[in-house]
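Below is one structure, written out as structure tokens; comments come after it.
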């Protein structure tokens with residue numbers, strides 16, 4: 001496997017024990033890879049990137065009969081920029097791009113067709129669903145659930161355990177799903193709940209435990225269940 | 001190990017690298033198994049089933065001194081039906097049955113003595129505790145916490161991050177635990193909280209972030225904290 | 001590796017397949033270790049301790065450019081007492097101590113400089129962040145998020161999915177972080193939300209789904225969003 005000629009190896013790559021690397025994988029310079037790691041077909045790993053133990057990189061999506069979302073037939077490989085840090089027991093899918101200096105915590109997972117901007121953080125146990133776009137310098141803290149089809153602009157801060165959703169009718173039919181849209185600089189407290197399709201305006205603040213059921217204007221502060229405005 | 005004569009191998013089984021298979025395991029036809037997988041004693045895997053990487057199948061429960069629930073001494077093995085799909089980094093216990101076409105997402109875990117009906121989904125990072133029964137075509141989305149001793153009927157939909165509990169007195173003594181009972185066709189929004197022992201009637205809808213402290217009649221819609229009825 | 005003379009082996013140690021053990025690790029008597037386990041440099045494992053499959057013990061912290069918290073340069077190794085039980089797919093960091101008879105569930109993680117007292121439970125999927133102190137006989141149920149810099153006294157009970165935070169200004173600058181302080185015997189219902197820096201007095205009870213924004217007196221009962229007192 002490791003002498004497969006289709007695998008490109010950079011200089012000074014450190015690889016742990018029992019690592020499975022599939023064909024056409026590209027590994028940059030000064031990369032560190034832990035033990036018990038599976039790197040699927042074609043994955044691209046940038047320079048100075050580090051990968052923890054017990055990680056899957058570039059997994060292809062599957063689906064059972066009931067799932068609305070069909071798997072991409074021919075997704076491009078997973079691409080990790082330079083200086084990326086991936087924790088242990090992490091699962092990353094094909095067809096996603098993590099830009100330079102992104103950090104992904106232990107036990108996190110990121111699905112297909114996701115784009116994570118430079119220097120953003122996806123915390124431990126956090127989940128990012130398909131087709132979501134995350135800007136630069138975004139913090140998604142531990143245990144957040146970022147649904148599919150979200151747009152998250154630069155410098156947004158999600159506290160721990162924020163929950164989002166994208167399915168207004170909860171599995172009742174065929175209609176477009178839309179996750180929340182989070183504008184630049186928004187801050188969201190821990191364990192807040194965001195409903196499908198809402199927009200949170202620039203630099204708004206959402207309190208811990210708030211339930212946000214409608215659009216929020218820029219710079220507003222909302223708390224409670226349902227969320228209501230308080231003065232800044 | 002792989003030439004242990006007590007292991008039954010179907011036709012066209014594809015096995016990844018570094019897989020540990022214990023005695024008396026039964027593997028059906030057209031099964032795919034990832035790398036770094038541990039399959040414990042006696043596990044039964046149906047035809048056309050696929051298992052991701054870094055998975056434990058058929059783990060026996062343990063307990064420390066303080067835990068109320070004693071482990072089953074002699075649980076039967078884990079049984080996976082045909083067409084089941086198991087993600088990566090998943091932990092499934094002995095004594096549970098997953099019927100045909102069940103899908104279990106990455107990083108999920110299902111404890112002992114659980115029954116999951118046909119074509120149901122247990123999402124990524126979701127947890128199902130011991131002795132819970134899940135019907136057919138149920139969706140348990142990503143990050144849900146399904147406590148022990150729950151009854152979930154057919155076609156129930158749990159949005160992401162729904163939290164349940166079964167212990168009214170929070171560890172204060174010896175008394176029966178009872179998780180919520182969820183009747184057919186109920187839909188529960190993301191990050192809702194369900195208290196111990198409540199029943200949610202058929203086709204009721206629970207809003208995102210709601211806290212449900214009492215029984216809910218069939219077809220009712222409840223939102224807020226504490227949950228109160230709104231008109232349909 | 002296993003014949004590295006710097007590794008100390010107790011009597012009757014049972015080791016699974018494909019286990020990576022680094023130098024200076026100390027393993028007590030009657031220890032059981034699963035398959036696909038990584039034990040990092042210097043980790044100390046007490047007598048009668050058991051470790052599941054797919055586990056990382058003694059991971060060193062790292063950080064990207066944006067993270068406020070710098071990694072400890074020279075943390076001591078991870079220390080597990082006797083009778084400790086560690087689940088599968090667990091990640092434990094250097095510089096932490098788990099006292100005798102602690103149980104850690106599957107897919108849980110505990111960061112550096114954490115102290116967990118005797119016979120406490122860290123549930124499945126639960127997370128404990130750096131520098132937090134947990135007393136004796138504490139129950140942290142499945143899916144809880146225990147932030148950094150928390151003080152949790154003896155016999156506290158966290159129901160499932162409790163969320164805490166320590167950052168009042170949500171990433172807006174350099175100032176001390178302070179997690180909640182939870183006094184002896186407090187009970188917290190499932191999916192409750194605790195804000196930074198609050199103190200919950202001895203034997204207080206917090207309802208399921210409550211959002212606690214301020215200090216709570218001893219023996220009080222608080223429910224709702226925001227939390228308000230009800231009579232006992």
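Quick notes on this structure:
- The range C:124-149: number of residues that are more than 9 Å from chain B (Cβ to nearest Cβ) and in a loop (DSSP other than H, G, I, E, B): 12
- Residues satisfying the stated conditions in the range C:200-219, i.e. crowded, with 21+ Cβ neighbours inside 10 Å and within 14 Å of chain A (Cβ to nearest Cβ): C:206, C:207, C:208, C:209, C:210, C:211, C:212
- Scanning the range A:184-197 for residues that are farther than 12 Å from residue A:208 by Cβ and in contact with a strand residue (DSSP E or B) (Cβ under 6 Å, 6 or more places away or on another chain) gives A:186, A:194.
- Condition met for residue B:57 (part of a strand (DSSP E or B), crowded, with 24+ Cβ neighbours inside 10 Å and at pLDDT 95 or above): yes
- Residues located in the range A:16-38, provided they are facing chain B (nearest Cβ under 10 Å) and touching a residue at least 40 places away in the same chain (Cβ under 8 Å): none
- Scanning the range C:16-27 for residues that are buried (at least 19 other Cβ atoms within 10 Å of the Cβ) and either assigned to a strand (DSSP E or B) or under 23 Å from the mean Cα position of the chain (by Cα) (or both) yields a total of 4.
- Applying the criterion of being loosely packed, with under 15 Cβ neighbours inside 10 Å and within 14 Å of another protein chain (Cβ to nearest Cβ) to the residues of the range C:1-15, the residue that is nearest to the chain's Cα centre (by Cα) is C:14.
- Of all the numbered requirements in (1) modelled with pLDDT under 95; (2) touching a strand residue (DSSP E or B) at 6+ places or on another chain (Cβ under 9 Å), residue B:14 misses one, and that requirement is (1).
Let's see how each residue does on (1) in contact (Cβ under 8 Å) with a residue 12 or more places away in the chain; (2) surrounded by fewer than 21 Cβ atoms within 10 Å (Cβ to Cβ); (3) over 10 Å from the mean Cα position of the chain (by Cα):
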| position | (1), (2), (3) |
| --- | --- |
| A:79 | yes, yes, yes |
| A:87 | yes, no, yes |
| A:92 | yes, no, no |
| A:98 | yes, no, no |
| A:111 | yes, no, no |
| A:122 | yes, no, no |
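- Each residue in the range C:188-199 was checked for being crowded, with 23+ Cβ neighbours inside 10 Å and either assigned to a strand (DSSP E or B) or more than 11 Å from chain A (Cβ to nearest Cβ) (or both), and 5 of them qualify.
- All conditions but one from (1) assigned to a loop (DSSP other than H, G, I, E, B); (2) within 14 Å of chain C (Cβ to nearest Cβ); (3) free of Cβ contacts under 8 Å to residues at least 24 places away in the same chain apply to residue B:222; the one that does not is (1).
- The set of residues from the range C:150-179 being at pLDDT below 95, more than 9 Å from every other protein chain (Cβ to nearest Cβ) and touching a strand residue (DSSP E or B) at 6+ places or on another chain (Cβ under 9 Å) comprises just one member, C:179.
- For the range C:100-116, the set of residues classified as within 12 Å of chain B (Cβ to nearest Cβ) and in a loop (DSSP other than H, G, I, E, B) consists of C:100, C:101, C:102, C:105, C:106, C:107, C:108, listed by residue number.
- Flag for residue C:116 being farther than 23 Å from residue B:164 by Cβ, out of contact with any helix residue (DSSP H, G or I) (no Cβ under 6 Å at 6 or more places or on another chain), surrounded by fewer than 24 Cβ atoms within 10 Å (Cβ to Cβ) and modelled with pLDDT of 95 or more: no
The values are calculated or read from the model by the stated rules, or taken from the named source; none is laboratory data. All values reported here derive from a predicted model rather than from experimental measurement. Neighbour counts run over all protein chains shown; Cβ positions are idealised from the backbone, glycine included.
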